[in-house]
1. Given the -39500 (n - 2.57) contribution per DSSP H run of 4+ residues, what per-residue ellipticity at 222 nm results for the chain, rounded to the nearest 500 deg cm²/dmol?
2. Starting from the Cα-Cα distance between His305 and Lys36, subtract it from 0.36 nm times their residue separation and give me the gain in nm to one decimal.
3. What are the ³J(HN,Hα) couplings of region 391-401, residue after residue, when phi is run through the Karplus curve with 6.51, -1.76, 1.60 and θ = phi - 60°? Round to Hz, x for glycine and proline.
4. For the chain, max minus min Cα coordinate along each principal axis, in Å, sorted largest first?
5. Ordering Arg159, Arg218, Arg274, Arg358 by how much accessible area each has at a 1.4 Å probe, largest first, what is the list?
6. With a probe of 1.4 Å, find how much accessible area the chain has per residue, and write the answer as a whole number in Å².
7. Would you mind computing, in nm to one decimal, how far apart the modelled labels at Leu7 and Lys502 are, each placed 7 Å from Cα along Cα→Cβ?
8. Quick one: of the DSSP bridges fully inside the chain, what percent are antiparallel, nearest 5?
Amino acid sequence: MTINKDLLMTMPIEIQYSIFGQLSLQERIQLCHVCKLWQTAILNAPGTWKTLSLKIVEQKIEPNLQPYEAYIKRDNVKEIKIDGEICDTKVTDYLVSLKCNKLNDVYLKVGRLTRVNAFKLLDMCGPSLTRVILILDDYIYPTSTKQNASPDFFLRHCRNLKQFTFVGYIKEPEQYNPSRLLTNVKHQHLTDLSLEISNMYNGPGTLDFFKATPKLERLGISLLNVLPTANESFPEQLLQHCPELKTLHLLGEEDNKLEIRELHTITPIQYEQRGIAELYFNDFLYVEDDEPGCTNRILRPFIPHIHNTVQVLSLGGVTDEYDDNLMQYLSNFDYPSLKHLILNWDVLTAEGENGLHRFFQIIAGNLTIIEIKYYANFVDDVLLGLIATHAQHLECIEFTGGGAYTSKGLQQFLETMTHPQRTLRNLALDHVKQVDAHILHMISTSKLCVINDLKLLIDVSKTFVEDIERFLDDMVEAGKRMNFLHLTLSSIVDPGDFVESKRGKGFLKRLNTVASAFDLVVSSSFPHLNKEDEYTTIKITHDDYQSDNF
């Protein structure tokens, strides 16, 4: 499509600004070369300089802003994002030279940031900052005498922070003393804290951070930093110092889906009642054989404090500790508010499975959402039967990778749960090996199987493409229509060729017929031809289909 470059200038200034607002800073800079009119309009648009998204490549900032410094109105710059290598003195000095003393938001994902360079930034904009995301990815400890900036440094110099994330290494963690450094610090605005000091295994713990942040509503903390001082009183002390806490992430070294560094990207849910409403616990840690694992040291003491208020509960990690004794302990409490359960294990012991069955009988009555992650051997036909019997209000369930249940067991479960008189209407089957032609036929044709939203991820090396085509054709013939259908086809040799082929276009036509909205994702499960270590994925949404001529 050819665009008349003068047409843009005939539009009202508000529409011009709206168009520019859809572009990245790099794209705006590139468009400045189109013509003088566009350059003037872009460089003088107030939104152009609101967010500076920069990369550090070989100690150089990209895009280069020096030619445009005369246009950067310092008071208009509210957010700076830097992603790259070590944030050295030259880079820091350049940022300080911009004199953006009204910054609200700083995101730094760099190798390391020394205290000296951090102080230069905070001396310029510390009082105005409300959000700081600092991710230091250098796994080699700094060899110079200059120390990495530690999390307390930002809490002391940014008294108006509302959200703070620190992930990284500090120098000499054994000598780190947050108690002394945070003396008399009481943050009255910080409600969201995510903390992972990656090399603090045997340090002073994190209790002093909680003392300094009494208004916390959302906390993500690495279990590496909790274990040094964790004991039976830890939950009580945490809730005493942070009485308004609603969401708590206690995460180990591997969670596969959730990391401390990513928590800032999740939009928090607002809860009115007091007490912990969301608890995410993953205890995968490398601990000494003679040390008790952190499930019994940390999770167990939390249960008496949260069982009445928790609405979302995620359990995962070292499955050996989820034995019959622990599951029995969990079953001693009622969970009147629990609506959303996430099980993040792969295997359980036989005793743990028996305890889980009892636990399900207690909690299932109020559940509306269940997520079962990974190749969970503990999910068998018996457990599916318990869910079908007791989870009378279940609205959404997600299976990932299958489990020990059979195809027949899954089919019977779906026949029961998706009946018009039951409430399950949202189903996700993520590479579930038990999904066969019989289950697909039931979903597509049975009037007693009512699903409004379906997420189906299929490995076509194990399930023939013809089965999926037949599934969609059966839906068309039966006149069934869903609100939303997500279909992922993996192990496609060339996704691009597939989408452009007659078969691919047929898929899109069928999806448009059977769903009010849809996503089609086609992916190769191995490096694309002539492109080492690169996977090819193509996604086409319902809006894409409507706007293009497929």
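1. Computed ellipticity for the chain at 222 nm equals -8500 deg cm²/dmol.
2. 90.4 nm
3. 8, 6, 10, 5, 10, 8, 9, 10, 10, 10, x
4. 68, 67, 46
5. Reading off the accessible areas and sorting them downward yields Arg274, Arg159, Arg358, Arg218.
6. Roughly 47 Å² per residue, with all protein chains present.
7. So the two model labels end up 3.6 nm from each other.
8. For the chain, the DSSP antiparallel bridge percentage is about 10.
The values are calculated or read from the model by the stated rules, or taken from the named source; none is laboratory data. Please read all numbers here as calculations on a predicted model, not as lab measurements. All Cβ positions, glycine included, derive from the backbone under ideal geometry; neighbour counts span all protein chains shown. Accessible surface areas use protein heavy atoms only, side chains included; no ligands, DNA or RNA. Shrake-Rupley method; radii C 1.70, N 1.55, O 1.52, S 1.80 Å.
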